Ligand SMILES: Cc1cc2nc3c(=O)[nH]c(=O)nc-3n(C[C@H](O)[C@H](O)[C@H](O)COP(=O)(O)OP(=O)(O)OC[C@H]3O[C@@H](n4cnc5c(N)ncnc54)[C@H](O)[C@@H]3O)c2cc1C
């Protein structure tokens, strides 16, 4: 039952009692109380203020490319901060961008402007906000290395500016995963580069991804499921979780409609019969096999949203 209505003057798109599945790359997930679509910081701020005023719980998603939403859905509102139209501005060698803008749009803008070097992030789905929250990365580089500052709205509705260092970035991690503060916009500090070199680099990265990753526009997945493993190698070089998963035969695993991608043991896919619970169960199995053979626990990169059978009792968060 929906408790609150949104005034017309918020001018945002709201779908009450609506399925989350279309807004995730797994194309899975039950209903939310309402899905509120925002694309600008002002809209987001108005919506957050309204929800806080009405004491209504909410979560934020971007492109939905790093989450598995429960089959039962979530008992709260979901703000989808996402825009098909890029909001990006060059200011000298800095680039200022809304958190709702697709990361791919930011990368292609910076390449076109001869500013580098975000080409490593070519082809990573999702938004700039989602990428900052999870410190997205590839080929040994991470988005936080180029971030200068962010504008944020906190869970209590306060607007704040943070320098990148204040977000406590680590491998696929930032403090935002715990505070659940929302990135309204971000400033990246880039350097002038030869545009042809950047373009060449971007084409190379996209080619590499096509070889190793499923095409998320056609196939249902959320990229690498577990984080690579810190084995204490020099320069924080991590060993791919896929190597450990290969050794326990993960590529042959399946739970109902969830299975492991044949080219990459760290990518879970679903077929037409797939449920979010199947993904949870399959990932638990993968984790358990690695624990049995190598005596350490894999850490998830993909986040679960809502309730799953087997969810640890101590977790009360909607996103975990
Ligand atoms: C085929 C494929 C390949 C991938 N390859 C990579 C890769 O190479 N490297 C990599 O790092 N990831 C990869 N991913 C995972 C995913 O694309 C990234 O993690 C991406 O940055 C998630 O962004 P999103 O907008 O989709 O976030 P969502 O999945 O919508 O949300 C993820 C988290 O971010 C939070 N969030 C979303 N928006 C905001 C915001 N504005 N402010 C604060 N928090 C926010 C959410 O609350 C949630 O906790 C891949 C995924 C797929 C499907």
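Derivation of every value follows stated rules applied to the coordinates shown; laboratory data play no part. Bear in mind the structure is a predicted one, so any value in this text is a computation, not a measurement. No Cβ is skipped: glycine too gets one built from the backbone with ideal geometry, and neighbour counts run over all protein chains shown.
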### Query
Of all DSSP beta bridges in the chain, what percent run antiparallel (nearest 5)?
75
### Message
Could you tell me what a quarter of the Cα convex hull surface of region 55-109 works out to, in nm² with one decimal place?
### Response
5.3
### Listed peptides 163-175, 37-49 by packing density, highest first (mean Cβ within 10 Å)
37-49, 163-175
### Query
Looking at the square roots a ≥ b ≥ c of the eigenvalues of the Cα gyration tensor of region 8-81, which shape do they give, rounded for a/c under 1.5, prolate if a/b is larger than b/c, or oblate?
prolate
### Query
Would you list 268, 59 from fewest to most Cβ contacts within 10 Å?
59, 268
### Summary
Per residue, the convex hull enclosing the Cα atoms of region 182-320 spans a volume in Å³ of 181
## Note on the structure
In nm, the gap between the two label points placed 7 Å beyond Cα toward Cβ at residue 96 and residue 76 is 3.0
### Message
I'd like the distance separating the alpha-carbon centroids of region 242-320 and region 133-170, in whole Å.
### Response
27
## Note on the structure
Yeah, region 88-199 with a ≥ b ≥ c from its alpha-carbon gyration tensor (a/c under 1.5 is rounded, else prolate when a/b outruns b/c, oblate otherwise) is prolate
### Message
Compute a Gaussian network model of the chain, connecting alpha carbons closer than 10 Å, and tell me which residue from 214, 86, 22 fluctuates the most.
### Response
22
### Query
Among 287, 93, 295, which one moves the most in a GNM of the chain with springs linking Cα atoms closer than 10 Å?
295
### Summary
With Cα springs under 10 Å, the Gaussian network model of the chain assigns the largest mean-square fluctuation among 12, 270, 78 to 12
### Ratio of the Cα radius of gyration of region 202-253 to 2.2 N^0.38 Å, where N counts its residues
1.37
### Query
Across all directions of projection, what mean area in square nanometres is found for the Cα convex hull of region 149-221?
7.5
### Message
Could you work out the pair-distance distribution P(r) of the chain from its alpha-carbon pairs, with 10 angstrom bin width and percents rounded to whole numbers?
### Response
6, 26, 34, 25, 9, 0
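Once you have a ≥ b ≥ c as the square roots of the Cα gyration tensor eigenvalues for region 1-126, tell me rounded if a/c is under 1.5, and otherwise prolate or oblate according to whether a/b is larger than b/c.
Taking the square roots of the gyration eigenvalues as a ≥ b ≥ c, region 1-126 is oblate.
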### Query
Percent relative contact order of the chain, based on C-alpha pairs within less than 8 angstrom and at least six residues apart?
16
### Task
Return a whole-number percent for the relative contact order of region 151-265, with Cα pairs under 8 Å and 6 or more residues apart as the contact set.
15
